[in-house]
Amino acid sequence: MTITKISCDESGNSFFEDVEIDIIDKGKIGKLSQDFPVKSLVFRENEPGYDYDWHTAPRRQYIVLLEGAISIEVTSGEIREFYPGDVFIVADTTGKGHKSKSIDGKARKSLFIPF
């Protein structure tokens, strides 16, 4: 399983990287990854049509997109889109950060899982 991570380099520039999550066949219950320790769970909802300018992540966290489609831009100008069911990591807690905006006009519902 591959997820996206948004990181920051020493110069403060954000970038995307693909992170491979190893999953192992556990028979009838399906395939599972190892345990990943987390701190809490936050439910979040954004209004339809939001468009956030450059900002850093408040903490390192997984984000699970439940509803709404978004685009995220990093400082290189690369833009990736995320849809319901996508999981990504924001780890750019310093530097220039990233931009995020709604691309489908719907409210965004997501889970934030700090680690």
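The values are calculated or read from the model by the stated rules, or taken from the named source; none is laboratory data. Every value quoted in this text rests on a predicted model; they were computed, and no experiment measured them. When we count neighbours, we look across all protein chains shown, and the Cβ atoms used for this are built from the backbone with ideal geometry, even at glycine. The accessibility values were calculated without ligands, DNA or RNA, using every heavy atom of the protein model including side chains. Shrake-Rupley method; radii C 1.70, N 1.55, O 1.52, S 1.80 Å.
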Within the set LYS28, LYS101, LYS39, GNM on the chain using Cα springs under 10 Å gives the largest fluctuation to LYS28
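Can you classify segment 29-102 as rounded, prolate or oblate using the Cα gyration tensor, where a ≥ b ≥ c are the square roots of its eigenvalues, rounded means a/c under 1.5, and otherwise it's prolate if a/b beats b/c and oblate if not?
Values: a/c = 1.78, a/b = 1.41, b/c = 1.26.
It is prolate, given that a/c is not under 1.5 and a/b is the larger ratio.
Give the calculated FRET efficiency between ASP22 and LYS101 to the nearest 0.05, with a Förster radius of 22 Å applied to their Cβ-Cβ distance.
Computed FRET efficiency for ASP22 and LYS101 comes out at 0.10.
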Note on segment 1-63: alpha-carbon gyration tensor, axes a ≥ b ≥ c; rule is a/c under 1.5 for rounded, else prolate if a/b larger than b/c, else oblate; result prolate
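Counting only heavy atoms of protein chains, what accessible area per residue, in Å², does segment 26-115 have with a probe of 1.4 Å?
Values: 5400 Å² over 90 residues.
Roughly 60 Å² per residue, with all protein chains present.
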With a 22 Å threshold on alpha-carbon distance, the violating pairs from LYS5/LYS39; LYS5/LYS101; LYS5/LYS96; LYS31/LYS109; LYS39/LYS109 are LYS31/LYS109
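Please identify the longest segment of the chain free of exposed GluC sites (Glu not before Pro), where exposed means a DSSP state other than H, G, I, E or B and no more than 12 other Cβ atoms within 10 Å. Mind dumping the intermediate values first?
On the way: sites that count: GLU10, GLU78.
Counting at most 12 other Cβ atoms within 10 Å as exposed, the longest clean stretch of the chain is 11-77.
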Partner aspartates and glutamates whose C-alpha sits under 14 Å from that of LYS28, ignoring same-chain residues fewer than 8 away, are none
